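The values are calculated or read from the model by the stated rules, or taken from the named source; none is laboratory data. In this text the structure is predicted, and so the values were computed from the model without any measurement. Cβ placement follows ideal geometry from the backbone for every residue including glycine, while neighbour counts extend to all protein chains displayed.
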Amino acid sequence: MGTMKGRRNRIKHFLIDTVNSLFKPGMSKHKIFQECRENEKPIQSPYIHSYPTKVRYEKVMAAFGDFLSNEMGIKYERDFRKLSVDEVAVCLDKYFEKEIEKKRAQNTLEIHISALNKVLSTIKPELKECFTPEARARWRDGVVAGDNDRYNDPERILENLKKIDEASYTIAQLQRLTAARIGDVKKIQIDEENKRVLIKGSKGGRDRSIYYNHFQEDFEKVKEYKQRLDEILEKKSFSEIRENEYYNNLRKACRGAGEPYRGSHPFRYEAVQYRHDVIKDLPKEEQEAYYLQILKDRGKSPKDIREAFDKVEAKNALPEAIISEELGHSRLDISRHYLKIRAK
């Protein structure tokens, strides 16, 4: 979809206008479903075919637009388009926390989920990744995640995973060590000279660097698992492992450990919180040098660097800012969601 101009680009109006653009009352849903079957695609329509559904979806998107504007400070279409998949997922989590607090019925929450999935995926197709079965269950049922959104016993899960499949185990370890999204694992590059991991073209098109000057043992493990993964990918494609094996194997490993399966994202939470615990205990001059290195490596000008330090100092949030940069987040509050830290 193209960017809308004028006052209608306020987030609430933009979302409602997107609903209206999907409303196709004269189009045959049956014909679309038939084409899906013939092309072996999921049986679903990208459009809204009935007026009652359109009205319900407009109400949901109006509520979500108000939430983004009032609670998250995302007031315009351009602000929303800058968000990564992770950042939108956090917004959705917070939105449904509030909806569940209002004692919404499950069928009402299902309507919210369906509306948001259809509309947000129209705006940015990659946002379909937010609507996993686990996320939908959490939003619909109010299922509580584990402590700090991490698995309670990741070591046991990893032990089980290693017995099930070496490739899945290797990918999970790289996620734990680099805080990588699943799609970024195959992009990992090792910069031996500067003791960092590079991930080119992460979500939102941003390059990420994760530094290991203070995590030397972890850096050696990353190199080891990266080498293993390269050897595995000589025999099998990453997409085949990801789509056909990884999540099924992880689900089995969780079942064997007696933990609810929540996908691979808890490994990212674990990595982020572990790195933050180390960084926050570094002397302030080492934290400043760490942050300065990141900003310089990103090509920031001296003026931009001074402004970045001023903002971080005002919030007393240097460790969180380092984590935010390494995660590739554009907003500090998203990284705080991973760290379970309230805004200062």
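For (1) more than 19 Å from the chain's Cα centre (by Cα); (2) within 29 Å of PHE131 (Cβ to Cβ); (3) assigned by TED's automatic domain parsing to the domain that holds GLU159, each residue gets a yes or a no:
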{"residue": "GLU192", "(1), (2), (3)": "yes, no, yes"}
{"residue": "SER202", "(1), (2), (3)": "no, yes, yes"}
{"residue": "LEU233", "(1), (2), (3)": "yes, yes, yes"}
{"residue": "ARG255", "(1), (2), (3)": "yes, yes, yes"}
{"residue": "ASP277", "(1), (2), (3)": "yes, no, yes"}
{"residue": "GLU285", "(1), (2), (3)": "yes, no, yes"}
{"residue": "GLY299", "(1), (2), (3)": "yes, no, yes"}
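Take the residues in the stretch 225-247 that are surrounded by 14 or more Cβ atoms within 10 Å (Cβ to Cβ) and not aromatic (Phe, Trp, Tyr), then tell me which one is nearest to ALA271 (Cα to Cα).
LYS226
Yes/no per residue for (1) within 23 Å of CYS254 (Cα to Cα); (2) over 15 Å from the mean Cα position of the chain (by Cα):
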position: ILE113; (1), (2): no, yes
position: LEU120; (1), (2): no, no
position: PRO125; (1), (2): no, no
position: LYS128; (1), (2): no, no
position: THR132; (1), (2): yes, no
position: TYR151; (1), (2): yes, yes
position: ILE157; (1), (2): yes, yes
position: ASP184; (1), (2): yes, no
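Let's see how each residue does on (1) without any contact (Cβ under 8 Å) to a residue 60 or more places away in the chain; (2) closer than 21 Å to GLU259 by Cα:
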{"site": "LEU158", "(1), (2)": "no, yes"}
{"site": "ILE164", "(1), (2)": "no, yes"}
{"site": "TYR169", "(1), (2)": "yes, yes"}
{"site": "ALA180", "(1), (2)": "no, no"}
{"site": "GLY183", "(1), (2)": "yes, no"}
{"site": "ILE188", "(1), (2)": "yes, no"}
{"site": "GLU192", "(1), (2)": "yes, no"}
{"site": "LEU198", "(1), (2)": "yes, no"}
{"site": "SER202", "(1), (2)": "no, no"}
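Only one of these is surrounded by 18 or more Cβ atoms within 10 Å (Cβ to Cβ) and either more than 21 Å from TYR47 (Cα to Cα) or modelled with pLDDT under 85 (or both): LEU120, LEU127, LEU161. Name it.
Every option except LEU161 fails the conditions.
Among (1) surrounded by fewer than 18 Cβ atoms within 10 Å (Cβ to Cβ); (2) under 17 Å from LEU68 (Cβ atoms); (3) among the small types (Gly, Ala, Ser), where does SER114 come up short?
All conditions are met except number (2).
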